[in-house]
1. Can you tell me which residue within region 34-59, out of those that are modelled with pLDDT of 95 or more and in a helix (DSSP H, G or I), is surrounded by the fewest Cβ atoms within 10 Å (Cβ to Cβ)?
2. Run down 305, 346, 342, 281 and say which single residue is away from the ligand (no atom under 14 Å from the Cβ), buried (at least 20 other Cβ atoms within 10 Å of the Cβ) and of a type in the set (Gly, Ala, Ser).
3. Could you list all residues from region 119-141 that are surrounded by fewer than 21 Cβ atoms within 10 Å (Cβ to Cβ) and more than 10 Å from the ligand (Cβ to nearest atom)?
4. Name the residues in region 62-77 that are more than 30 Å from residue 196 (Cα to Cα) and either without any contact (Cβ under 8 Å) to a residue 12 or more places away in the chain or out of contact with any strand residue (DSSP E or B) (no Cβ under 9 Å at 6 or more places or on another chain) (or both), would you?
5. Taking only pairs six or more apart or across chains, which ones have beta-carbon atoms under 6 Å, a first residue in region 112-131 that is over 30 Å from residue 101 (Cα atoms), and a second residue that is modelled with pLDDT under 95 and among the small types (Gly, Ala, Ser)?
6. Take the residues of region 62-90 that are small (Gly, Ala, Ser) and away from the ligand (no atom under 12 Å from the Cβ): which is nearest to residue 41 (Cα to Cα)?
7. Residue 213 versus (1) within 15 Å of the ligand (Cβ to nearest atom); (2) crowded, with 19+ Cβ neighbours inside 10 Å: which is the lone unmet condition?
8. Would you kindly identify the helices (runs of 4 or more DSSP H) lying entirely within region 289-379 that contain at least 1 residues that are without any contact (Cβ under 8 Å) to a residue 24 or more places away in the chain and either in contact with a helix residue (DSSP H, G or I) (Cβ under 9 Å, 6 or more places away or on another chain) or closer than 30 Å to residue 267 by Cα (or both)?
Amino acid sequence: MNFKSIKGTRDILPGEVETWQRAEDVVRRVMHSYNYREIRTPVFEQTELFARSIGELTDIVSKEMYTFHDRSNESLTLKPEGTASVLRAYIQHNLGEQSPLTKVYYLGPMFRQERPQAGRLRQFHQFGAEALGSQSAQLDVEMMLIALDVYQGLGIRQFALAINSVGCQRCRPAYKQRLTYELTKVCDRLSTESQARVKQNPLRVLDSKDENDRRLTKNAPLMKDHLCDGCREHFKSVESLLRSTRTDFRIDGRLVRGLDYYTKTAFEITSPALGSQDALAGGGRYDLLVQELGGKPTPGVGFAAGMERLIMVLKKDRKDLTDRFRPDLFIASLDETTREWAFVKARELRTAGFAVELDYLDRSVKSQMREANRLQARFVIVIGERELTSGSARLKEMQTGKEAPVMLEALEKVLKT
Ligand code: HAM
């Protein structure tokens, strides 16, 4: 039997993984520049945590979660997103008591049983950030800027930021009623999916991708035109901060997002370089969620971005970030004695911080040289009995082809220069 990776999961092989590492480095650098600290939460949580936060009626919770019962018959779920786990940890460890504002970021795998296609996987990776403890619109904009800084830091120039406000518990109920009333008029002509949503989650009908649904709801009322004073002010501040930071954006009154926890700001960043799954990142404010999960009332805002989609854009732009792993030195050896010497010397140099490779396959010197070339080693040294006896050998710089004698004792010093 030939085992294969599970549908919707991928191996990230050497050659591609370097691009990931470079992207992750940029993520960490940008996160640190905004003073976010890393948090790592477990891969699985109690199922109820996600049902309570993301929302029972969302696609994620109702159709896509990897839920299983463990041997103690507890219902567990592989995390479909990071926010719920971060909030659970925030409440569990009383992070709010240690400082009035908690700013954290994460990187890691998430799981959703969606129909796999380009840019959509069942195990995918996100980087994201959450800021808990402040209502400031500056943080809403900070989330957008972090994501944009990561893209810019990686040389991605083409993206579009769309923002909206989904209101709060004060203004949303009346708007919802109004929207439902309007949607009911066209309900029987809507797609089956939207028909179901009219009653359960009417706002989501607005961001249906179905052309016919869009036409039928063209004149439907939008939340952004029915905000209470507080939400309107907040939205204005977000817009104004985006302008002050010279950030291009557009307001999309139909942007709702597939998670139920949002209040006020919601945003999405898309890339024209991607196909139908064009969302690079999404996020928003969730002022009621900490309380909903059993914590003290604490406002919060955050975002998450797909790593696979980011890598796809980088590949399309032919951004070569591979920055191949290159050994500083390849030690080629002629026989058994020198092989052992090479092994010990390599260990010494590796401990001193150098990347060193040697031959483990008893190859001829010629084929060891070929291997050193393939690996793009900076230097190669060939060691035979003569070199061991004299304590000196020739060090070849691969790029220039230049050779120079070197005392074996002084190898470390020479590599440093
Ligand atoms: P989300 O919009 O569900 O939000 O996911 C964020 C990003 O993760 C998407 O824009 C996309 O790039 C990527 N993504 C989602 N699903 C998949 C998939 N099946 N395959 C590949 N990439 C995918 C959240 O997850 C929220 N937790 C964001 C947030 C944080 N809001 C507040 N704080």
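1. Ranking the candidates gives 48 first.
2. Result of the check over 305, 346, 342, 281: 342.
3. 133, 134, 135, 136, 138 - these are the residues of region 119-141 that are surrounded by fewer than 21 Cβ atoms within 10 Å (Cβ to Cβ) and more than 10 Å from the ligand (Cβ to nearest atom).
4. Once the filter is applied, which keeps residues that are more than 30 Å from residue 196 (Cα to Cα) and either without any contact (Cβ under 8 Å) to a residue 12 or more places away in the chain or out of contact with any strand residue (DSSP E or B) (no Cβ under 9 Å at 6 or more places or on another chain) (or both), region 62-77 yields 70, 71, 72, 73.
5. Short answer, once both residue conditions are applied: 118/275.
6. Ranking the candidates gives 89 first.
7. So residue 213 meets the others, but not (1).
8. Working: elements: 289-292, 307-316, 336-351, 365-374.
Of the helices (runs of 4 or more DSSP H) lying wholly inside region 289-379, those with at least 1 residues that are without any contact (Cβ under 8 Å) to a residue 24 or more places away in the chain and either in contact with a helix residue (DSSP H, G or I) (Cβ under 9 Å, 6 or more places away or on another chain) or closer than 30 Å to residue 267 by Cα (or both) span 289-292.
The values are calculated or read from the model by the stated rules, or taken from the named source; none is laboratory data. The structure presented is a predicted model; accordingly, all values stated were derived computationally and were not measured. Every residue, glycine among them, receives a Cβ derived from its backbone with ideal geometry; neighbour counts consider all protein chains shown.
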